[in-house]
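Below is one structure, written out as structure tokens; comments come after it.
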Amino acid sequence: MSEAVRPRLVIMGRQGAGKGTQCELLSAHYGIDHLSTGDVLRAAVAEGSELGVKAKGFMDAGDLVPDELITDIVASRVGGEHAAAGFLLDGFPRNVGQAEALVAMMEPAGLHACVNLDVEESVVRERMMARGREDDTPEAIDRRLELYAQETAPLFDFFDNRGLLLVCDGFGEVEDISARLIASIDQAIAGS
Ligand code: AMP
């Protein structure tokens with residue numbers, strides 16, 4: 001029997017789209033690491049490390065941290081010899097510069113797919129207000145949604161142009177969404 005493919009995946013979607021839950025299910029299903037750049041940065045802030053001190057102000061304002069603070073960390077976790085183990089990247093890339101850096105660091109293995117977990121803005125806004133995270137002030141939520149539209153949404157074209165974009169409806173029951181995601185990822189892997 002051939003060994004199962006360890007997919008190299010990016011998951012995108014507005015904050016509050018349910019990415020965290022779906023990432024847990026996907027990483028267990030495929031046996032791959034889930035790397036959330038938001039979690040890495042929050043851990044750095046909690047530790048008070050140099051990265052955390054530099055990142056905190058940007059995060060509290062709902063702004064993106066500068067690319068150079070995060071790109072090397074991602075490369076050290078998914079690039080080079082790590083590519084074969086597969087991964088699920090969540091929260092990166094957030095802009096075209098990061099996407100270009102990701103494509104470069106994935107040479108020669110390449111990505112299998114970028115999935116957009118699609119949930120309407122009005123729905124995610126309500127969910128973010130309800131979850132009550134420390135950085136979920138109304139101003140920060142507005143800023144993050146604005147930045148998502150300006151900086152991150154152009155990545156759909158970026159990945160679509162490379163034949164890597166999958167769009168999955170993120171509204172509904174957790175199990176149904178997960179089944180849809182797995183079916184579309186499996187199809188992409190089979191065709192890659
Ligand atoms: P998240 O948990 O993905 O919503 O990220 C929380 C915060 O961390 C964001 O609002 C940004 O300030 C910062 N952040 C996470 N990932 C990135 C990234 N790839 N580039 C820049 N900033 C990021």
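The values are calculated or read from the model by the stated rules, or taken from the named source; none is laboratory data. None of these values were measured; they are calculated from a predicted model. As a convention, Cβ positions derive from the backbone with ideal geometry for all residues, glycine included, and neighbour counts pool all protein chains shown. Surface areas here come from the heavy atoms of the whole protein model, side chains and all, with no ligands, DNA or RNA. Shrake-Rupley method; radii C 1.70, N 1.55, O 1.52, S 1.80 Å.
For the range 81-108, how many residues are open to solvent by 50 Å² or more (accessible area, probe 1.4 Å) and either away from the ligand (no atom under 16 Å from the Cβ) or within 19 Å of LEU26 (Cβ to Cβ) (or both)? Don't jump to the end; show me each part of the working.
At the first step, the residues of the range 81-108 found to be open to solvent by 50 Å² or more (accessible area, probe 1.4 Å) are 81-82, 84-85, 94, 96, 100, 104, 107-108.
Retained after the next criterion (residues that are either away from the ligand (no atom under 16 Å from the Cβ) or within 19 Å of LEU26 (Cβ to Cβ) (or both)): 81-82, 84-85, 107-108.
Within the range 81-108, residues that are open to solvent by 50 Å² or more (accessible area, probe 1.4 Å) and either away from the ligand (no atom under 16 Å from the Cβ) or within 19 Å of LEU26 (Cβ to Cβ) (or both) number 6.
Of GLY52, GLY18, GLY57, all but one fail to be more than 10 Å from the ligand (Cβ to nearest atom) and open to solvent by 10 Å² or more (accessible area, probe 1.4 Å); the exception is GLY18. Taken as a whole, the condition of being under 22 Å from ASP169 (Cβ atoms) and open to solvent by 40 Å² or more (accessible area, probe 1.4 Å) does not apply to HIS112.
Looking at ASP72, is it more than 20 Å from GLY31 (Cα to Cα) and open to solvent by 70 Å² or more (accessible area, probe 1.4 Å)? Yes.
Name the one entry in ARG42, ARG14, ARG6 that is of a type in the set (D, E, K, R), more than 23 Å from GLU139 (Cβ to Cβ) and under 18 Å from the mean Cα position of the chain (by Cα).
Only one candidate passes the filter, namely ARG6.
For the range 103-128, how many residues are in contact with a helix residue (DSSP H, G or I) (Cβ under 7 Å, 6 or more places away or on another chain) and either within 20 Å of PHE159 (Cβ to Cβ) or not charged (D, E, K, R) (or both)? Write out each step before concluding.
The initial filter retains those residues of the range 103-128 that are in contact with a helix residue (DSSP H, G or I) (Cβ under 7 Å, 6 or more places away or on another chain), namely 105-106, 109, 112-117, 121, 125, 128.
Next, from what is left, pick out any that are either within 20 Å of PHE159 (Cβ to Cβ) or not charged (D, E, K, R) (or both): 105-106, 109, 112-117, 128.
Residues meeting the conditions: 10.
Annotation: of all residues in the range 38-49 being more than 7 Å from the ligand (Cβ to nearest atom) and among the aliphatic types (A, V, I, L, M), the one that is surrounded by the most Cβ atoms within 10 Å (Cβ to Cβ) is ALA44. Of the numbered criteria (1) within 14 Å of the ligand (Cβ to nearest atom); (2) touching a Gly at 6+ places or on another chain (Cβ under 8 Å), the one GLY62 fails is (2). Within the range 116-130, the presence of at least one residue that is aliphatic (A, V, I, L, M), open to solvent by 70 Å² or more (accessible area, probe 1.4 Å), out of contact with any Gly (no Cβ under 7 Å at 6 or more places or on another chain) and farther than 20 Å from PRO7 by Cα is confirmed.
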